[in-house]
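Here the structure is laid out as structure tokens; the discussion comes afterwards.
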Amino acid sequence: MKIKFISILVLCLLTMPLQAQVDRSKMPMPGEAPQIHLGVPATFKLDNGLKVLVVENHERSKVMAKLIIDNKPYPEGYKAGTKALYAWVMGTGTQKIDKDAFNERIDFLGGQVNYNAEGAYASALTKYFPEVFGLMAKGLLHPKFTQTEFYDQKKRLIRNIKATQTSAKAVAEHIQAALTYGKHHPYGEFKTVETVKNVHLADVKSYYNNFITPKNAYLVVVGDITLLEVKNLVKKYFSEWIKTVPPIVSLPQVHSAQYTQINFVNMPNAVQSIIAVVNPIHLQKTSSDYFAALIANQILGGGTSGRLFTKLREDKGYTYSAHSSITDDKYVSRFKATTSVRNAVTDSAVIALLNEIKHIRNKKVTTQELQLAKAKYAGTFVRGLESPSAVADFALNIETENLPPDFYRNYLKHIDAVTVAEVQQAAQKYFKLNHARIVIVGNGPAVAPYLEQLTFNGKKLPVKYFNTKGERIEKPAYAEVEITSDTTNVGISAGLVYHKYIGAIGGEEAVQNVSSIYAKYTGYIGPRAITLLVKQTKDNKSLKKIEFGDILIQKIVFDGENGHVKIGETKRAFTSDELEAAKQQTDLFPELEVPETAKVAGTEMINGQKAYVVIVSKKKTNYYSVDSGLKLRTLIQTPKGAKVINYTKYKTVNGVKFPFEVSKAFGTQSIVFKAQEILVNQNVSTADFK
Amino acid sequence: MTKIGLCIGAFLLAFAGFAQEINFTEYNLNNGLHVILHQDNDAPVVAVGVMYHVGAKDEAPDRSGFAHFFEHLLFGGTKYIDKGDWYKIISSHGGFSNANTTQDRTYYYEVLPANNLKLALWMESERMLHPVIDQGGVNTQAKVVKEEKRMRIDNAPYGRLRYGEVINTYLFKNHPYKSTVIGTMEDVEAAKLSEFKAFFDKYYVPNNAVLVVAGDIDKQQAKAWIEAYFSEIPSGDTVPRVQVSEPPVNGPIKATEYDPNIRIPVKVLAYRTPGRSAHDTYVLNMISTLLTDGKSSWMHQALVDKQEIALAVLDLYRTYEDYGIYVIGALPMNNVPLDSLTKAMDAQIHRLKTELISEQEYQKLLNTMENRLANSYITQKNIANALAAFYIYYDGQTGLINKQLEAYKKITRQEIKEAANKYFTKNERLNLNYLPGSGAKNTKNKES
């Protein structure tokens, strides 16, 4: 009791003083979590079923009204496009007012009126709102469906569809939906020129008569208006709206893929591959693990701090952006992890995406990650409350999705309560690694042969081919249209060879932990010992020193910005070519990044081992063992001839394998260097590079 | 007791609402820092912004781009905030942070859940008191700013036009507005570390800044924290202001500029107008709306709808502290010669100079302006920015933010006609062909 009393006293004292003392050497702690004051909208219902929600907000003298008809989705089938056409012919006047007069009046009043397939929208200054609202209502209840207007809009829609046919992005979006939900599900079907041609004015009228009904309709009014005023307006304009019952349509079942597979669609003009790992899910706001699912997705692929962004963009440079999304819906929704990458790294990016999904399923996220994700989510939610329509949207969701009335008031609490274990459970439930579709829209000849070779978790990833309509097709014979004659079809991309190599020397994590390398090699020219000392750092500083016994032959130093060469006693700065070359070196292990130019040219036998030949640039070719993945040789073209460097005797230092024998051959000369010592993160300091 | 308090509060709130006003309190700290507080407890969000009265126009003549570059530097870290931690701290508290620089002022801000007000005040006070300005930061930001310039201007279709680069260079001969905000990388790269430090000491002083806190705050608490974090920052010398007046534009100026990122050229007509605080700014805002805003605007109707000679019309009205620029333009349909676009645009301007606009049109304009005002200042972020800008641009008269509609309503049809005659003269304008391609050499001579 006593303690409690004291703490209340302390609390009072804390909030009292005006001259707050602060210690600016310490970051201030957040205050108590903000209270969410959510207004409850006033509601009323018309006899015809229309339910009205009113949120008074008198801060600005304006009002907006949104009508939503919450019908169960139904498939449009061979007349896909009917709803789109309906929305487009709406607002082109009413039975009594022609199109121009209708629009001019709204413009004059500075208002806005729109229609869509499931509702309408109106907004205006308070003083003009009644008139603008009336125009919206008249447009909705007494539309003028003329053949001319219908024909014009149909032409426009067909033109739009044609314009997007060459867009890989548009194709990817509808293919992803079609393959996730199935072509016959309303969420999976899409309109084509053919289906739009099948739509007639009668279909639009029949959609209007069947589905635009007050039965499942909600009208949300937000702004500088009173409940009484809304009641009068709504009664005046919407009482006459006649209730009909929309036809009941059952929805096809939606299933996940039986096994994880690649679904490939060829877009011959694509310079990038759009990859999406998708699976349908059943997630509602009422699901017990709803918040855990949101957080799991946030950690995996939410924004620029998500793992996908960090891994695929920041670490690997495959893409400008990579993220994932998870949606909730009354009927069915989906999980999707997506990225757009250049052709050469398509196969590697698929593996990277799957690896991240696997990782978040198999290993618990850290508490730090969880905290960050929660903070971001909570921040976004809180900042979203600034929108005056947020309260109305929440109220509408509570109505239409059967949520408890305090759902949004407790939103932050729910977010905060999510645990590491729940995140993992949600990841395992909603990110379906074994039943995923990897939908790829890209350049067939350039990427499909590599995809055919992909394995994940020791299993081959089967590739199924589809056309842009979402129909399964036979595997196309891409060989005939092979674009590069110098690329032997070895079935692997440079990116994957690099990936294998990094895996072979110890894996990415171990490799990333190397921030400097110290290596000392000794070789013999005739009887004389030659020492080669190399120091290198991750931020691209390097030192190479060659000594004959005690005599310094050559020293090359580069500090990341400038470099010099010392031969004997003479010292000179780098030439611009040398500087350029030095600056291009980006990492201790160049294989961490796949350059645009890198190509697998085929296989060759190197010292008895079969090796992939990777042409990195005109000057440089690397060879990697097909079996072990290790780098066997580098070939450098110089104006004086080829220089060959062979790597053998790999040994592990600090979890990373290094070649302990490096032989350099140039012209007739060949020296075998044996490592005396290789140290990781030791014996290197900034002073070495001065 | 509590109940009564609540009722009165609700009543006052409703009353303030009808008045359409952005309520605020303002005062000065002893070191000259001006503080503006706007309390709105509707949503638990707070925006904190600091606007420094320094921009590109305050740069040395051979240091274009300096002020904007400096803005980037000030995200580098402070005595107590490690380098690279700025954005991490903000996002791990559920907020976001950014900054921008114009010709006249530099603005830093963050938006956070309201329980992090103290954090934001700490960070902004650290930036004002303890920024780390070092060569490492300069080197890093040089790369970032180069990319920004590429993205916004060099690689962006119509970028050189949108950012005024191809306009200001012709309309200003003496005033620093002749250079762009982003400037040239050569100038910035030539700058020494000592220059950055001197710039900070001269301009980034509390007596040259305004701090705005907007949102879900307790004013007493906010004041106490502001005092605690900001009052120890020493004030600086009186900050000098740019005092350069331009002689009238000696034109007409005819010029050609090129943009490798575009396929369709633009015909551009540009005029010099007065600075933001001038009354005529309101008149020109109305003219700009009348000429190009929406499908029922004069230029759209004439050039796009009726004559079908233009694909689109555009308008760029930018008001700086000392001057403004008013730009209209049109993109030709197919092979329509650019000169026909000039003629068509001139016809609309002639109409504006010789006829009074109709009562109906006048009323529609007022409706549009009122609607626009009602739709501005929705978020705390926008409110904070606007309050700071009114304070800086209107010489401390922050309250003018609530007099805008009144100002529009006072403007007569006659005034609109007079303003058109005053500012839209052929002899004082730039007539520019903005063409696709790289153009070996840009030409500049008098209109024939």
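The table that follows gives values for the structure above.
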quantity: B:Ile81 long-range amide H proximity, modeled H, under 5 Å; calculated: none
quantity: Karplus 3J(HN,Hα) series, Hz, for region A:109-126 with 6.51 cos²θ - 1.76 cosθ + 1.60 (x for Gly, Pro); calculated: 7, x, x, 9, 9, 9, 10, 9, 5, 10, x, 7, 8, 9, 8, 6, 4, 3
quantity: Folded to 0 to 90 degrees: helix A:290-301 orientation relative to chain A principal axis, Cα; calculated: 40
quantity: Nearest-0.05 FRET efficiency for A:Asn355 and A:Ala163, computed from C-beta distance (R0 35 Å); calculated: 0.40
quantity: Calculated from backbone phi, Karplus (6.51, -1.76, 1.60) coupling profile of region A:455-462 in Hz, x at Gly/Pro; calculated: 10, 9, 6, x, 10, 6, 8, x
quantity: Which of A:Thr304, A:Thr380 has the fewest Cβ neighbours within 10 Å, and the rest in rising order; calculated: A:Thr304, A:Thr380
quantity: Region A:508-556 - percent relative contact order, Cα under 8 Å, separation 6 or more; calculated: 27
quantity: Largest-first principal axis extents, alpha carbons of chain B, Å; calculated: 68, 59, 37
quantity: Between 0 and 90°, nearest 10: helix A:129-141 axis offset from chain A longest Cα axis; calculated: 90
quantity: On Cα atoms only, tilt of A:494-504 relative to the major axis of chain A in degrees; calculated: 70
quantity: Alpha-carbon Rg with Dmax, taken over the protein assembly as shown, Å; calculated: 33.7, 107
quantity: Using θ = phi - 60° and Karplus 6.51 cos²θ - 1.76 cosθ + 1.60, couplings along region A:341-351 (whole Hz; Gly, Pro as x); calculated: 10, 6, 3, 4, 10, 4, 5, 5, 5, 4, 4
quantity: Selected from B:Met151, B:Asn115, B:Val132, residue furthest toward positive end of dipole (region B:59-152; charges at beta carbon); calculated: B:Met151
quantity: Segments A:39-47, A:167-175 sorted - mean Cβ within 10 Å per residue, highest first; calculated: A:167-175, A:39-47
quantity: Distant-in-sequence amide H partners of A:Phe335 (H built 1.01 Å from N, under 5 Å); calculated: A:Asn279, A:Ile281
quantity: Inter-part distance where region A:34-73 and region A:350-384 are each reduced to a Cα centre, Å; calculated: 34
quantity: Euclidean distance of C-alpha centroids, region B:168-213 and region A:165-180, integer Å; calculated: 48
quantity: Other-chain or far-sequence residues with amide H under 5 Å of B:Val46's (modelled H); calculated: B:Leu112, B:Ala114, B:Asp216
quantity: Alpha-carbon centroid distance for the pair region A:185-230 / region A:256-271, whole angstrom; calculated: 33
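A short reminder: the numbers here are calculations on the coordinates, not readings from a lab. Since we're looking at a predicted model, the values are computed, not measured. Methodologically, a virtual Cβ is constructed for each residue, glycine included, from the backbone with ideal geometry; neighbour enumeration extends over all protein chains shown.
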